[in-house]
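Notes to accompany the following structure.
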Amino acid sequence: MQAVLEKEISDGKKTYQLWRSAGKPDLDYPKAENDKYLLHVEINGYLAPLGMTDFNLTDICGFEPAAQKLYGGKENRGTWLNAAEKSGGHEAVGTAVAEERKEIERLGSEPARQTEYIQNLLNGYVSTYLKSKETGGQTFPDFTGALVVNELAKCVELSAVYREKQQADEKARQARAEEEEKAYCEEQNKAANQMVSEAIQIIQNGGILKNETVKFYSSRYSFSSYSIVNHLMRQYQVDVPLRTQGWINDKLHSVTIKGGKCEYFQYYRAKNGRVSQKFFDCMRELIQAIAEQAPAGESTDVA
């Protein structure tokens, strides 16, 4: 990156040079003229990114002292502005905010404040790096912190260890996720198979078969969903016209089986809706197929 010196700041003891890119602005929609480029701080011959513009730096450094001066502390800001609105309306609030902005820029641009903030920021990076060093790379090794203590080569070594650990952790996480998903699908499919078995018993022994939805899962977010009557007809290879399948899905509520035949059924009425004339024929084939075959057992169809 080609860089130009933005400014040099100091508190009288510590001095930092802040740089920015010499190319096009980093931000497409800056809030101010000094909000176009991200700042970098020079550390031992390297430029470390600060992740903020000069506008951000000024805002961070100036807000609390400005709030202290204007409101007696940032915790009083909301109360003060609400009182201003009640007494003078939006115009009073606008004037107060403009004064606040002026104080933030004045106080936040002071070199000593900015130097202190960057020093604290870098100290945090150093702490992160030293923790990684103490654990042999088991935690994140911050390169900026390593630059400050001039241990970049050691940080590269720790980074390789940390990256390997992250890959191992991710592999273990994926394995756990796969096991959890497998267990979830098995549980859901077990419940679905139980519904199918109970439906077959009703058809064999008689009773009311509710046309509930049954779902078979191939993964947590991928499943096949059928009305249970359509599923049984599919399982026992009963040829059902598409229109009849749609009627079973949308209209059929329940079927009463008595004496080895479909005695009657309940369905949802709709305006101008018609009862499927083919349904009784399909049910007769299904009842006969179940009677002729050994119990189909648990379905494993998840297509």
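Computed quantities for the displayed model
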quantity: Region 158-183 - residue that is aliphatic (A, V, I, L, M) and surrounded by 11 or more Cβ atoms within 10 Å (Cβ to Cβ) and, of those, nearest to Phe143 (Cα to Cα); calculated: Leu158
quantity: Leu5 being assigned to a strand (DSSP E or B) and over 36 Å from the mean Cα position of the chain (by Cα); calculated: yes
quantity: Selected residue (criterion: surrounded by the fewest Cβ atoms within 10 Å (Cβ to Cβ)) from residues of region 95-133 that are among the basic types (Lys, Arg) and touching a residue at least 24 places away in the same chain (Cβ under 8 Å); calculated: Arg106
quantity: Unique residue being in the same structural domain as Ser197 (by TED's automatic domain parsing), surrounded by 15 or more Cβ atoms within 10 Å (Cβ to Cβ) and modelled with pLDDT under 75 when the list is Ser276, Ser299; calculated: Ser276
quantity: Condition check for Ile104: under 30 Å from Ala146 (Cα atoms), in a helix (DSSP H, G or I) and modelled with pLDDT of 95 or more; calculated: no
quantity: Odd one out for Phe143, checked against (1) farther than 19 Å from Met52 by Cβ; (2) in contact (Cβ under 8 Å) with a residue 24 or more places away in the chain; (3) in contact with a helix residue (DSSP H, G or I) (Cβ under 6 Å, 6 or more places away or on another chain); calculated: (1)
quantity: Subset of region 127-180 that is within 27 Å of Gly45 (Cβ to Cβ) and β-branched (Val, Ile, Thr) - its residue that is farthest from the chain's Cα centre (by Cα); calculated: Val149
quantity: Residue identified as free of Cβ contacts under 8 Å to residues at least 40 places away in the same chain and more than 24 Å from Leu27 (Cα to Cα) among Gly51, Gly89; calculated: Gly89
quantity: When residues of region 42-76 are limited to those that are touching a helix residue (DSSP H, G or I) at 6+ places or on another chain (Cβ under 6 Å) and part of a strand (DSSP E or B), the one surrounded by the fewest Cβ atoms within 10 Å (Cβ to Cβ); calculated: Tyr46
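Each row is one residue, and each column tells you yes or no for (1) at pLDDT below 95; (2) among the acidic types (Asp, Glu); (3) assigned by TED's automatic domain parsing to the domain that holds Arg113.
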site	(1), (2), (3)
Glu8	no, yes, yes
Asp26	no, yes, yes
Leu39	no, no, yes
Pro49	no, no, yes
Asn56	no, no, yes
Phe63	no, no, yes
Lys74	yes, no, yes
Thr79	yes, no, yes
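The values are calculated or read from the model by the stated rules, or taken from the named source; none is laboratory data. This structure is a prediction, so every number in the text was calculated from the model and none was measured. Backbone-built Cβ (ideal geometry, glycine too); neighbour counts: all protein chains shown.
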